[in-house]
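Novice: Sending over a structure as structure tokens; questions will come in a sec.
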Amino acid sequence: MEIFRAPSEPSNEADLIRLGALLIDVAGFQVTINGRHVPLTLAEFLILLDLARHPHQVRDRQALAAALKQHGTPFDTAPASERSLDTHIARLRSKLREAGYNCIKTMRYVGYRLTPDGLSTTAESTQEQQDDP
């Protein structure tokens with residue numbers, strides 16, 4: 001299930017996270033890149049939100065799973081398998097790339113990092129596809 005909401009003005013500037021071309025409206029559960037709405041599932045949104053709250057820092061799988069559990073996603077009742085998390089991240093990356101933003105980097109054997117200046121280039125996209133989980 002994807003979250004579809006019509007773009008609207010957020011009520012509070014504190015509800016916004018701006019990182020380069022990426023804009024996250026926390027209260028509205030909306031993500032835009034260069035003004036273009038990117039529809040995400042709740043799990044994808046929560047992963048991106050956790051990464052955005054810690055830009056340039058590596059977030060390990062346990063931290064990302066904890067972010068999902070904290071918001072009452074199905075990870076509360078089922079074990080957060082590494083493969084399930086990898087699948088959410090792969091889908092999130094795909095949606096962000098479609099919008100021209102290549103901002104989630106894999107740190108092998110460690111976790112993931114958001115690089116807010118991640119406007120896609122062909123070389124980066126090719127390398128990142130090879131690194132996808």
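The values are calculated or read from the model by the stated rules, or taken from the named source; none is laboratory data. The structure displayed is predicted, hence computed values, not measured ones. Glycine gets a Cβ as well: all are built from the backbone with ideal geometry, and neighbour counts include every protein chain shown.
Novice: If you go through segment 11-59, how many residues are at pLDDT 95 or above, assigned to a loop (DSSP other than H, G, I, E, B) and crowded, with 17+ Cβ neighbours inside 10 Å?
Specialist: Matching residues across segment 11-59 total 1.
Novice: Another question about this same structure. Give the residue that is farthest from the chain's Cα centre (by Cα), with candidates limited to residues of segment 91-113 that are assigned to a helix (DSSP H, G or I) and surrounded by 14 or more Cβ atoms within 10 Å (Cβ to Cβ).
Specialist: 97
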